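Data first, discussion second: the structure below is written as structure tokens.
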Amino acid sequence: MKSKDVITSALGNTMRSKLRTFLTVIAIVVGAFTLTLTSGLGAGINKYVDQIVEGVGDSDQIYVMSAQQQNDPMAGSGEPVEYDESVQSGPGNEFGMTALTDDDIEAIGEIDNITEVNPMVFVMADYLEVPEGTKYTVDQLGFPSDINGMELLAGETPDPRQLEVIIPSTWLTTFGIDNEDNAEEALGETVTFGLKDMAQQEQTVEAEVVGVSEQMLSGVGGNPTPSQALNDELYDVQNSGLDVDVPESYIQAIAVVDDIDANIDQVKADLLAEEYLGMTVEDQLGMIQGIINTVTWVLNGFALIALVAASFGIVNTLLMSVQERTREIGLMKALGMSNGKVFGLFSMEAVLIGVMGSLIGVGLGVIVGVGGNAALVNGPLSGVAGLTLFAIEPVQLLLIVALIIAIAFVAGTLPARRASKKDPIEALRYE
């Protein structure tokens, strides 16, 4: 028999008992569907995390802070709260964080393979006053360095030389805008930042709204974010008011590392020896990816269990087929079909069952994954900018199909071997 004849005959034989074949295929579909869905979820969320990594800072940068710092400077502040003048705050409040000094910046710059150090000042504002006059508490401002990685709902990135600001979409209601589709209405508005100087005297700085951001998983875009010029202006005001020199202090520094892939581990070790903590964006988001990958592997494990169970279904289906077709096998061998071709015929039946189950399962998984992703990111999770829950990875899909076919082939070897070993005379006598 030619290869084409073997495939045609195997396909016809699998359709002899349609219900039995259907039930076996369904078991494979369940495993293939689960593998496709979980793999796509893992790939989609990891793709989103990678987008965050690419959008925050350059690939050769490392964030350096005191090893004693506890707070996450990238956390979002959430919904705006109306300002209460009775609550006191000021530039002396460091939220338990240990600031870096000029000496620290110099020490970081002297570490091998660090070519540049850019300090980041921590600017606080007591409130932000919208055009109609209401003041809202500002828990925290974003960093100008976050701007390039933001997802903008409207507007553009600020000019670093102008007093401009990006507001988060959660603040649109303070401008009387209830629908994000109308975010452009906030552009061009003038807002006023209120803050206290070193003498605890209230000062104000005006800025123009040039963009509206959506908060990302990392927290970027969740706070009003000033341009570099506005950030410097607020910092100068914050440290004015006394006739004494105020030591410069920085929340953290961004260091540029030469050949970061080769030197990052040594740079981190050298920083830690000097009591500094160095973290790349990948480090900051690595825990999220670790959790995602762990959950994905656990779910994939359940899918593999389903496939193993389905393989026993294939064994059972083909063993019954061998039993029912004993006389037929004897006739084929009596007519000259070799043991190898009989083995190949029954193995092909197992492979065809695997092909049918894998293609249907993978197809359903892709349809449900793409549809569910669209429904969630445009519905309940629409507030998470750029979120991707499910991604199609062609190589992964091909590997899933190949794995299932391989499992089906292995499962079919026992029945196929039994069929090939049958004695033709005894098989012809079988009743």
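The values are calculated or read from the model by the stated rules, or taken from the named source; none is laboratory data. Only a predicted model underlies this, so the values are computations on that prediction, with no experimental measurement involved. For neighbour counting, all protein chains shown are included, and Cβ atoms are generated from backbone atoms with ideal geometry for every residue, glycine included. Each accessible area value is taken on the protein alone, full model and side chains, heavy atoms only, with ligands, DNA and RNA left out. Shrake-Rupley method; radii C 1.70, N 1.55, O 1.52, S 1.80 Å.
Taking the conditions (1) among the β-branched types (Val, Ile, Thr); (2) assigned to a loop (DSSP other than H, G, I, E, B); (3) open to solvent by 30 Å² or more (accessible area, probe 1.4 Å) in turn, THR173 satisfies each one other than (2).
Just the residues that are at pLDDT 85 or above and open to solvent by 40 Å² or more (accessible area, probe 1.4 Å), please, taken from segment 138-158. Within segment 138-158, LEU152, LEU153, GLY155, GLU156, THR157 qualify.
Taking the residues in segment 181-228 that are over 29 Å from the mean Cα position of the chain (by Cα) and among the β-branched types (Val, Ile, Thr) as candidates, determine which candidate is farthest from PRO168 (Cα to Cα). For segment 181-228, the residue satisfying everything is THR204. The set of residues in segment 325-335 that are free of Cβ contacts under 8 Å to residues at least 24 places away in the same chain and open to solvent by 60 Å² or more (accessible area, probe 1.4 Å) contains only LEU335.
Looking at SER311, is it among the hydroxyl-bearing types (Ser, Thr, Tyr), part of a helix (DSSP H, G or I) and open to solvent by 10 Å² or more (accessible area, probe 1.4 Å)?
Values: among the hydroxyl-bearing types (Ser, Thr, Tyr): yes; part of a helix (DSSP H, G or I): yes; open to solvent by 10 Å² or more (accessible area, probe 1.4 Å): yes.
So SER311 fits the description; yes.
Scanning segment 307-348 for residues that are within 36 Å of the chain's Cα centre (by Cα) and modelled with pLDDT under 80 returns no hits.
Looking across segment 135-162, the residues that are in a loop (DSSP other than H, G, I, E, B), of a type outside the set (A, V, I, L, M, F, W, C) and under 14 Å from SER213 (Cα atoms) come down to GLY142, GLU156, THR157, PRO158.
Restricting segment 277-297 to residues that are modelled with pLDDT of 80 or more and exposed (fewer than 14 other Cβ atoms within 10 Å of the Cβ) leaves a set whose member that is nearest to ASP60 (Cα to Cα) is THR294.
Could you say whether any residue in segment 342-365 is among the charged types (D, E, K, R), touching a residue at least 24 places away in the same chain (Cβ under 8 Å) and crowded, with 21+ Cβ neighbours inside 10 Å? Talk me through it step by step, then tell me what you get.
Step one: list which residues in segment 342-365 are among the charged types (D, E, K, R), which gives 349.
Narrowing the set further to residues that are touching a residue at least 24 places away in the same chain (Cβ under 8 Å) leaves 349.
Within this subset, residues satisfying the condition of being crowded, with 21+ Cβ neighbours inside 10 Å are 349.
The answer is yes; a qualifying residue exists.
Considering segment 15-52, and only residues there that are assigned to a helix (DSSP H, G or I) and of a type in the set (Lys, Arg), the residue that is surrounded by the fewest Cβ atoms within 10 Å (Cβ to Cβ) turns out to be LYS18.
Starting from residues that are part of a helix (DSSP H, G or I) and β-branched (Val, Ile, Thr), keep the ones in segment 366-387 and report whichever is most open to solvent (accessible area, probe 1.4 Å). Only one residue fits best here, namely ILE367.
For segment 254-271, does any single residue satisfy the condition of being over 30 Å from ASN113 (Cβ atoms), open to solvent by less than 50 Å² (accessible area, probe 1.4 Å) and not charged (D, E, K, R)?
So far as segment 254-271 goes, no, none of its residues is over 30 Å from ASN113 (Cβ atoms), open to solvent by less than 50 Å² (accessible area, probe 1.4 Å) and not charged (D, E, K, R).
Counting only strands (runs of 3 or more DSSP E) wholly contained in segment 59-134, the ones carrying 2 or more residues that are modelled with pLDDT of 65 or more, open to solvent by less than 30 Å² (accessible area, probe 1.4 Å) and hydrophobic (A, V, I, L, M, F, W, C) occupy 61-66, 114-120.
Inside segment 181-257, counting only strands (runs of 3 or more DSSP E) that do not spill past its ends, which hold 2 or more residues that are touching a Cys at 6+ places or on another chain (Cβ under 8 Å), hydroxyl-bearing (Ser, Thr, Tyr) and in contact (Cβ under 8 Å) with a residue 60 or more places away in the chain? Write out each step before concluding.
Values: elements: 190-196, 202-214, 252-257.
In segment 181-257, no matching strands (runs of 3 or more DSSP E) lie anywhere.
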